[in-house]
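A.B. asks: Handing you this structure, nothing more for now.
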Amino acid sequence: MTHNPTIVVGIKQVPDDDEVRIDPDTGRLDRSSAPAVLNSPDRNALEAALGVRDDVGGQVIAMTMGPPPAADVLKEAVAMGCDDGVLISDIAFGGSDTWPTSLTLARTAEYLDADIVVCGEETTDSSTGQVPPGIAAHRGWAQLTYVEELEPLPEANQLAARRDVEGGYERVVADLPVVVAVAFGENEPRPAGLHRKIYAENEFEPVTVDANDLDIDEETVGLEASPTNVGGMETIEGVDRERTVVDDVDELAEAIRSTEVFA
Amino acid sequence: MTEIIADRNTETPDYDDRFDAVVVGAGLAGSAAALTMADGGLDVIMIERGRYPGAKNVFGGVLYTPTIRKLADLDDAPLERYIAERRYGMLTDHDETAISISPGEWHEPPHNDSYTVFRGEFDEWFAEQAVDAGATLLTETTVTGLVRENGRIIGVKTDRPDGTLRAPYVVLAEGGNSLVSERAELKETEQRGNVAVAVKEVVEFPDDDNAIQDRFRLTGDAGAAYHYFGEGAVGDAFGGGFVYTNGETVSVGLAYRISDAVSGQPNPEGTLNAFKTHPAVAPLFRGGRTVEYAAKTIPEGGADSVPELTHDGAVIVGDAAGLVLNNGVHLEGTNMAVESGFHAGKSIVDAAEQGRTDADALSAYAENLEASFVMRNLRRYEWLMEAVENDREFVFRELPQALADAGTEYFRIDREPKESHAENAKERIMEAVGGYTGAAKLALRYRKIVT
């Protein structure tokens, strides 16, 4: 950088958490009926990236990893104002946990000559928050997490970030290239322009890249290369609330005294 | 930057006048218009404010499909049940007097073109038919106004940045709450006496898989449409209640005039709860659980309230044009919406062939709608609302009570002879209708409902 940085935004398609129903009979989440939508923290990432472009120019390119239908979120990103979108799709990526996912996204960022990578703080369907730091770690780049606001410093080839800390905020400056995770809800994502939205949904086609394009060894991604091992799941049974009817205040005080509320 | 990106052109094109027509709202009227125009070779864009077509749409529950059947293949459509039985019940606060009809013919395709549907599913499907025919659908975008040039409507304004889109024709299919048409002074804001407020619940039966077929005596895909009026349905208001069976749920609701909601019957939700617990209705919902609650307004002004339908560069269709028939026996709007969208679409295709956008070039829409069942039905019952309004105490309160009392007398089992039971029953009716003279007047006044 550069007055015209290449800003790559990692986004993800997730089940719509507004539409994830709780089965009233079993109390379990039913995700299968929920439509796939853009992970909402990613809107803050897109807004932050587009804000940097507003300030210093450059290009904003959205990237997402997934099967071809995931291209829908790229269209949404382009509608919002991204210059382009890249679909990272390969059968070899199937079953990847955060380790190979961040490896793949890091390789894609490098492939796109990224100066800045921006992500949301986490995804609503897995909530690990590991991917943005993972991208930085795989490449040895700087990282700025839980960012409220970005301030590009093009003369110094740096990016400053305001981070929320207890009792105030801190300002951290990082050298490029840098990976940014934007705190959820910290900015107001811009609505898509009418003509841009018509274009994005009807004419735009994303660039598609696979493991071969990215020079990724298929042994290093996918389920087999994922270190996460889910040990098991437990369902917590609800506890019925006890109800007692008392006749007067003294009886109430006695009832409370007999519990562990008052020693 | 990498070459793979640098070589691409992703500039935003200018879509002004790239589409032949903009359709405001992808409900039944809008999609019918879009589908008709796309079939006629026009480039059409539908602009829908909901996240998907139907997301914002509410209706009682029965869709009438004679025109849709001509436009699309209904075999693929998400239909719930066909209507196999219609029941009309008059309710006092604790009596019911009902008639039921279930002709054998209704069990045979095309099932009298009457089906319960969920609009969220059906409208999305119908809009897809328009998209398959070549139309473009844009969701989550609200049209806020019209663009005019020298008096002619030449496009729409939306709530988005860079939000103006020009097109030679605009189809206003925005529904009953037609703010765009009103702001553009293409129609007047409706009087509150001509608008109904409707509330509805969808109820499921978690503990009884056979609840619907058992309680409504149904088999297979057969369904029931029950209509109710009288004090037990909507209290002191002018309106009625309904119960419709869906596939796995039952819709129950009521509609009455907003003018009553601001005076004598202020609480639609409470009124619906009272209706649901009426002794004739409550057993249908035993053990039920409400899974959805919805409300909307229905234009009921009849033919008098239908605005000028064609303008230079624009037409108004569906609920936005007030095309809803409610005469107590027939509650129809969906069929009129589709019929109007179809005629409007056709007139635009014809006008486009002549390269004209003026109102005169679109007049075939108004003429064909006038000649169709839509305006003929609205005109036929124009007098009815006023007549019932004048007789509302009789129609909604005295008549249901008299019929219930007469039935009680006529079928009374005691040690009196049937002659006196029949006499008592007749007396009760005569009292309510005002003797032979009153009965004759009523018969004359309401003869056009059946003749």
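A.B. asks: Which of the following residues is among the charged types (D, E, K, R), without any contact (Cβ under 8 Å) to a residue 12 or more places away in the chain and not in a strand (DSSP E or B): A:E155, A:E170?
C.D. replies: So the residue among A:E155, A:E170 that is among the charged types (D, E, K, R), without any contact (Cβ under 8 Å) to a residue 12 or more places away in the chain and not in a strand (DSSP E or B) is A:E155.
A.B. asks: Still on this structure: Just for segment B:134-143: of the residues that are over 15 Å from B:A29 (Cα atoms) and assigned to a strand (DSSP E or B), which one is farthest from the other protein chains (Cβ to nearest Cβ)?
C.D. replies: Within segment B:134-143, the match that is farthest from the other protein chains (Cβ to nearest Cβ) is B:V143.
A.B. asks: Let me ask something else about it. Is at least one residue of segment A:114-134 surrounded by fewer than 18 Cβ atoms within 10 Å (Cβ to Cβ), over 24 Å from A:A225 (Cα atoms) and touching a strand residue (DSSP E or B) at 6+ places or on another chain (Cβ under 9 Å)?
C.D. replies: No, segment A:114-134 has no match at all.
A.B. asks: Take B:T92 and decide whether it is of a type in the set (V, I, T) and either modelled with pLDDT of 95 or more or under 30 Å from B:G220 (Cβ atoms) (or both).
C.D. replies: no
A.B. asks: If we keep just the residues of segment A:59-71 that are closer than 20 Å to A:R107 by Cα and in a helix (DSSP H, G or I), which is farthest from the chain's Cα centre (by Cα)?
C.D. replies: Within segment A:59-71, the match that is farthest from the chain's Cα centre (by Cα) is A:P68.
A.B. asks: How do the helices (runs of 4 or more DSSP H) wholly within segment B:1-115 filter down when requiring 1 or more residues that are surrounded by 15 or more Cβ atoms within 10 Å (Cβ to Cβ) and more than 14 Å from every other protein chain (Cβ to nearest Cβ): which remain?
C.D. replies: B:28-39, B:68-71
A.B. asks: Same structure, new question: Could you say whether any residue in segment A:194-201 is among the basic types (K, R), modelled with pLDDT of 95 or more and either outside any strand (DSSP E or B) or surrounded by fewer than 21 Cβ atoms within 10 Å (Cβ to Cβ) (or both)?
C.D. replies: yes
A.B. asks: A further question follows. Inspect segment B:221-237 for any residue being crowded, with 23+ Cβ neighbours inside 10 Å and either out of contact with any Phe, Trp or Tyr (no Cβ under 8 Å at 6 or more places or on another chain) or hydroxyl-bearing (S, T, Y) (or both) and give the result as yes or no.
C.D. replies: Yes: segment B:221-237 contains one or more residues that are crowded, with 23+ Cβ neighbours inside 10 Å and either out of contact with any Phe, Trp or Tyr (no Cβ under 8 Å at 6 or more places or on another chain) or hydroxyl-bearing (S, T, Y) (or both).
A.B. asks: Follow-up question, since we're still on this one. Of the residues that make up segment A:239-259, is at least one under 25 Å from the mean Cα position of the chain (by Cα) and free of Cβ contacts under 8 Å to residues at least 24 places away in the same chain?
C.D. replies: The answer is no; no qualifying residue exists.
A.B. asks: Among the residues of segment A:198-216, which ones are at the interface with chain B (Cβ under 9 Å from one of its Cβ atoms) and closer than 10 Å to A:I88 by Cβ?
C.D. replies: Correct list: A:V207, A:V209, A:D213.
A.B. asks: Sticking with this one: Among residues belonging to segment A:72-104 that are assigned to a helix (DSSP H, G or I) and of a type in the set (S, T, N, Q), point out the one that is nearest to the other protein chains (Cβ to nearest Cβ).
C.D. replies: This residue is A:T104.
To keep it simple, each residue is scored yes or no on (1) in contact with a Lys or Arg (Cβ under 6 Å, 6 or more places away or on another chain); (2) farther than 16 Å from B:T116 by Cβ; (3) modelled with pLDDT of 95 or more.
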| residue | (1), (2), (3) |
| --- | --- |
| B:F216 | no, no, yes |
| B:F238 | yes, yes, no |
| B:I258 | yes, yes, no |
| B:A261 | no, yes, no |
| B:P268 | no, yes, no |
| B:L284 | yes, no, yes |
| B:I298 | no, yes, no |
| B:S305 | no, yes, no |
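A.B. asks: Right, next: Can you name every residue in segment A:179-193 that is more than 17 Å from A:V117 (Cα to Cα), surrounded by 21 or more Cβ atoms within 10 Å (Cβ to Cβ) and either more than 14 Å from chain B (Cβ to nearest Cβ) or touching an Asp or Glu at 6+ places or on another chain (Cβ under 6 Å) (or both)?
C.D. replies: Selection gives nothing.
A.B. asks: In segment A:225-263, how many residues are of a type in the set (A, V, I, L, M, F, W, C), modelled with pLDDT of 80 or more and assigned to a loop (DSSP other than H, G, I, E, B)?
C.D. replies: Counting residues in segment A:225-263 that are of a type in the set (A, V, I, L, M, F, W, C), modelled with pLDDT of 80 or more and assigned to a loop (DSSP other than H, G, I, E, B) gives 3.
A.B. asks: For segment B:144-173, name all the residues that are over 16 Å from B:G313 (Cα atoms), buried (at least 19 other Cβ atoms within 10 Å of the Cβ) and either more than 14 Å from every other protein chain (Cβ to nearest Cβ) or not polar (S, T, N, Q) (or both).
C.D. replies: Within segment B:144-173, B:R160, B:G163 qualify.
A.B. asks: While we're here: Name the residues in segment B:192-215 that are touching a Ser or Thr at 6+ places or on another chain (Cβ under 7 Å), crowded, with 18+ Cβ neighbours inside 10 Å and not in a strand (DSSP E or B), would you?
C.D. replies: Correct list: B:N194, B:I212.
A.B. asks: Let me ask something else about it. Looking only at segment A:113-152, filter to residues that are part of a helix (DSSP H, G or I) and in contact with a helix residue (DSSP H, G or I) (Cβ under 7 Å, 6 or more places away or on another chain); which one of those is farthest from A:A34 (Cα to Cα)?
C.D. replies: If we take residues in segment A:113-152 being part of a helix (DSSP H, G or I) and in contact with a helix residue (DSSP H, G or I) (Cβ under 7 Å, 6 or more places away or on another chain), then A:R139 is farthest from A:A34 (Cα to Cα).
A.B. asks: Something else: On the given criteria, is A:T64 crowded, with 19+ Cβ neighbours inside 10 Å, polar (S, T, N, Q) and in contact (Cβ under 8 Å) with a residue 60 or more places away in the chain?
C.D. replies: Considered against the rule, which asks whether it is crowded, with 19+ Cβ neighbours inside 10 Å, polar (S, T, N, Q) and in contact (Cβ under 8 Å) with a residue 60 or more places away in the chain, A:T64 comes out as no.
A.B. asks: Yes or no: B:V131 in a helix (DSSP H, G or I) and within 14 Å of chain A (Cβ to nearest Cβ)?
C.D. replies: Criteria met by B:V131.
A.B. asks: While we're on this one: Looking at segment B:116-128, which of its residues are over 22 Å from B:T219 (Cα atoms) and not in a helix (DSSP H, G or I)?
C.D. replies: none
A.B. asks: Another one. Any idea which of B:A387, B:A361 is modelled with pLDDT of 95 or more, closer than 30 Å to B:E308 by Cα and among the small types (G, A, S)?
C.D. replies: Among B:A387, B:A361, only B:A361 is modelled with pLDDT of 95 or more, closer than 30 Å to B:E308 by Cα and among the small types (G, A, S).
A.B. asks: Does segment A:228-238 include one or more residues that are surrounded by 10 or more Cβ atoms within 10 Å (Cβ to Cβ) and either within 11 Å of chain B (Cβ to nearest Cβ) or of a type in the set (F, W, Y) (or both)?
C.D. replies: No, segment A:228-238 has no match at all.
The values are calculated or read from the model by the stated rules, or taken from the named source; none is laboratory data. Because the structure is predicted, anything quoted here is derived from the model rather than measured. Note that each Cβ is placed from the backbone with ideal geometry, even for glycine, and that neighbours are counted across all protein chains shown.
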